[in-house]
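See structure below.
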Amino acid sequence: MKAIAQFVFACLCWSWTLGLTGLQAQPTDDQRRLAEFGRLSQQIMKTADPDQQIALVEQAQQVFSSIRTWPANLPPREGIAPELRALLGQAYLARKTGDPVENLETAIGHLEAAVASGVRRAGQPVAWGVSQHALAFAYLSRPRGIRADNMEAAIRAAQAAVSVLTPQANPNEWAVAQITLAEALINRERGSRSENLEAALQACELVLSVMNAQSLPVVWLRAERMRAIAYYQRVHGTRGENLEKAITHGEAALAAANRINSALEAALVRNTLAAAYFDRAAGDRSDNIERAITHNLQAAKVLTREAWPHLWAAIQNNLGTNYNARIAGSRVDNIEHSIAAFEAALTVTVREAYPREWAETQHNLAQAYFWRTTGDMADNQEKAIAMMEATLPVWQSNGMTAQWARSLNNLAVAYQFRMRGERSANIERAIKANQAALDCAPARQGAHRVGRVAEQSRQRLYGPDRRRSTRQHRAQHSEL
């Protein structure tokens, strides 16, 4: 994003070097304002600090609005205001101080105004395309609003960017816009999932067919990393083959990141490799999980809580999942590591700012507490139940029926084996949750299985044989 911002700054400053010459010995008020505007533009170009950029651009906006007569030898006045909004959008995107969510919202507002200018699109199509890409990036990262809507906005903006940027004239800008388009398609919730992922692969492969690891190494490895993500999530083809391709392309991207000594790019690639190794069917299961843990731990050293809080939280969530499934080491210790990782993630992914991620991590933490053997077993169960129940309204409000049904399904299991409360009331709650999950097709098979077990528990409750312990029930059940 820094290179794109500098490109836009350069466009604006270049305009003033064309027009701000030959001022009279005693300049008019407008000429003095024009000179001040040119000075501010030069300062904007020179500074790399987003807060300074914001302050300078806001000053430039005030000066610009006070200019009454616009010289004919300068770029059209109608294109300057959106150019300034584009600069502000870029600066707020790069800003490290303040509330990151508010910064993103402010950036989107400025960038939307910048790309809405028809004059700017006609007069500076490359700068307009760069702003469209920045807008796509902002929507892709946006935690507020409906996620499906944000992905659609990101796709529209990225497509607009690649419609004016070309690999011949703007190779770097074109390539990063294609990669952003691929990422938005990977995260898209509307349309055919399979078609979206195939389109994402096509965008990555288009970049890789034009670029090489020598000419634009960072762009190349990002395209390779995004291709690994697309293969990891791919629907078309066999799951095993796609995972192997994801690992192959991920390892290639990691090698490229190490060649250019980019710790950040290496950490991002490791995040993808960790997911692929964790899901891998080929090879030794325990070894694959150990590789996943290693990649996540290495990634977390670079993607720190202070510098990359959202990514760090995602890695902690993944580590929690890794430790929960770990075969090597002590099961007791692994569950404790899992709980610690999930709880660490929740210090960042708070419900108000990141409701979906919060609910996913909360659900995972509930699973870990359900299987916990240290501490009071009944207390652990109560925590698991409370956490799963807390996720339900989040899934519903975001239209995530599959996740909602999954939580209900697991809640049915938790109530079935609950130690506290009336046994009959718990079984009825399990059946009620199970019946609600049955109404959702994505979870129907698992819900049928849970329902049969819950019904059997009801029969045992009122029948002659009630001797089996809760721990024996849980040992034979793996829904959670």
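Between residue 373 and residue 424, what FRET efficiency comes out of the Förster formula 1/(1 + (r/R0)^6) with R0 = 22 Å and r the beta carbon distance, rounded to 0.05?
The computed FRET efficiency comes out at 0.25.
What is the angle, in °, between the Cα long axis of helix 401-416 and the longest principal axis of the Cα atoms in the chain? Nearest 10 is fine, range 0 to 90.
30
Out of the trypsin sites (Lys or Arg not before Pro) in segment 102-153, which ones are loop residues according to DSSP with at most 12 other C-beta atoms within 10 Å?
Loop-located and lightly packed - none at all.
Check each of the GluC sites (Glu not before Pro) in segment 117-196 and keep only those in coil by DSSP with at most 12 other C-beta atoms within 10 angstrom; list them in order.
Those that pass, being in a loop and sparsely packed, number zero.
Within the set 301/383; 96/245; 96/301, which residue pairs have Cα atoms separated by over 24 Å?
301/383; 96/245
Given Cβ point charges of +1 (Lys, Arg) and -1 (Asp, Glu) and nothing else, what value in debye, to the nearest 20, does the dipole of the chain about its Cα centre take?
That gives a dipole near 1160 debye.
Based on the Cβ-Cβ distance from residue 159 to residue 122, what FRET efficiency comes out when R0 is 22 Å, to the nearest 0.05?
Between residue 159 and residue 122 the formula returns 0.75.
Determine the shape class of segment 28-140: with a ≥ b ≥ c the square roots of the Cα gyration tensor eigenvalues, call it rounded for a/c under 1.5, and otherwise prolate if a/b is greater than b/c, oblate otherwise.
oblate
Just grab the label-to-label distance for residue 72 and residue 350, each label 7 Å out from Cα along the Cβ direction, in nm (one decimal).
In this crude label model, residue 72 to residue 350 measures out at 5.8 nm.
Could you check the simple spin-label distance between residue 279 and residue 258, using points 7 Å along Cα→Cβ, in nm with one decimal?
Between residue 279 and residue 258, the label points sit 2.4 nm apart.
Quick check: from the Cα gyration tensor, does segment 174-217 come out rounded (a/c under 1.5), prolate or oblate?
Judged from the Cα gyration tensor, segment 174-217 comes out prolate (a/c at least 1.5, a/b above b/c).
How much accessible area per residue does the chain have, in Å², with a 1.4 Å probe?
45
What angle do you read, to the nearest 10 degrees and between 0 and 90, between the alpha-carbon axis of helix 171-186 and the longest principal axis of the chain?
For 171-186 against the chain, the angle is about 30 degrees.
From the Cα gyration tensor of segment 380-441, with a ≥ b ≥ c the square roots of its eigenvalues, which class applies: rounded if a/c is under 1.5, or else prolate if a/b is larger than b/c, or else oblate?
Here segment 380-441 falls in the oblate category.
Equivalent ellipsoid semi-axes for the chain, as square roots of 5 times the alpha carbon gyration tensor eigenvalues: give them largest first, rounded to whole Å.
For the chain, the ellipsoid semi-axes come out as 52, 24, 19 Å.
Does anything in segment 374-413 have its amide N under 18 Å from the 7 Å Cα→Cβ label point of residue 331, and if so which residues?
Counting only backbone N, you get 374-378, 380-381.
Tell me, what % of the accessible area of the chain is carbon and sulfur with a 1.4 angstrom probe?
Carbon and sulfur atoms account for 51 percent of the accessible area of the chain.
Using only alpha carbon pairs under 8 Å that are at least six residues apart, calculate the relative contact order of segment 54-167 and give it in whole percent.
Computed value for segment 54-167: 22 percent relative contact order.
Step through the residues of segment 60-67 one at a time and calculate ³J(HN,Hα) from phi using the Karplus curve (6.51 cos²θ - 1.76 cosθ + 1.60, θ = phi - 60°), rounding each to whole Hz and writing x for Gly and Pro.
Listing the rounded values in order: 4, 4, 5, 5, 4, 5, 8, 6 Hz.
Evaluate 2.2 N^0.38 Å with N set to the residue count of segment 116-233, then give the Cα radius of gyration divided by it.
Relative to the rule-of-thumb radius for its length, segment 116-233 sits at 1.03.
The values are calculated or read from the model by the stated rules, or taken from the named source; none is laboratory data. Source: prediction; values computed, not measured. Cβ sites come from the backbone with ideal geometry, for glycine too, and all protein chains shown count toward neighbours. Only protein heavy atoms, including side chains, enter the accessible area calculation; ligands, DNA and RNA are left aside. Shrake-Rupley method; radii C 1.70, N 1.55, O 1.52, S 1.80 Å.
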